[in-house]
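Just below is one structure, and these are the notes that go with it.
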Amino acid sequence: MARSMRRIIVSRNSSRIFGWVLTLLGLAPIIVALLAAWTSGVSFLDLSALYDFLWANPFSIGFGIEFELIYVIVAGTVATIIGIFLLARKREEIEELTVVSDDLKVTLECTVCKYQWKEHFSKTQLNSMGFPQNRTISRRKCDICGRFTRPKITSI
Ligand SMILES: [Zn+2]
């Protein structure tokens, strides 16, 4: 139980960091490209002029490698969308995992015939029964020997 909770927290942190990094890496070149257009006197409202500017102006990333600004915008947009998608998607997954991990598969043993079977209990249910100090559950009829017993929790 403790281990699965920790794994969820770790995966949430790393995927959120990855999502933020992608989003920021995507937004930064878009802002740089738009600022370059703005300082060159291109109006953002004049879309065709902006489009021409983005095609006409190369962006150097060093080592003599240059891209037209339009590619920088496209790559930045893709990275931003993936980043936002990761940030949104992982949050849903965490909620789902938390619900699943609350439901525990418990091995029960009949105190009369020692027959073992598995049942699902929620963590809250186990806590309210006083587990782990109290390892027996409420009285029920055993499927195998037909006796009424208080089955014992042997493992989780
Ligand atoms: Zn039994």
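The values are calculated or read from the model by the stated rules, or taken from the named source; none is laboratory data. Note that the coordinates shown come from a computational prediction; the quantities given were computed from them, not determined experimentally. Cβ sites come from the backbone with ideal geometry, for glycine too, and all protein chains shown count toward neighbours.
Of the residues making up the range 17-61, just one is polar (S, T, N, Q), touching a helix residue (DSSP H, G or I) at 6+ places or on another chain (Cβ under 7 Å) and without any contact (Cβ under 8 Å) to a residue 12 or more places away in the chain, namely SER43. Return a yes/no flag: does the range 73-82 have any residue that is more than 16 Å from the ligand (Cβ to nearest atom), exposed (fewer than 14 other Cβ atoms within 10 Å of the Cβ), within 30 Å of LEU22 (Cβ to Cβ) and modelled with pLDDT of 85 or more. For the range 73-82, residues more than 16 Å from the ligand (Cβ to nearest atom), exposed (fewer than 14 other Cβ atoms within 10 Å of the Cβ), within 30 Å of LEU22 (Cβ to Cβ) and modelled with pLDDT of 85 or more: present. Among the residues making up the range 130-143, those that are surrounded by 13 or more Cβ atoms within 10 Å (Cβ to Cβ), within 15 Å of the ligand (Cβ to nearest atom) and either assigned to a loop (DSSP other than H, G, I, E, B) or of a type in the set (A, V, I, L, M, F, W, C) (or both) are ILE137, CYS142. For the range 24-43, the count of residues that are of a type in the set (A, V, I, L, M), exposed (fewer than 12 other Cβ atoms within 10 Å of the Cβ) and modelled with pLDDT under 80 is zero.
Looking across the range 50-65, the residues that are under 36 Å from the mean Cα position of the chain (by Cα) and not aliphatic (A, V, I, L, M) come down to PHE59, SER60, GLY62.
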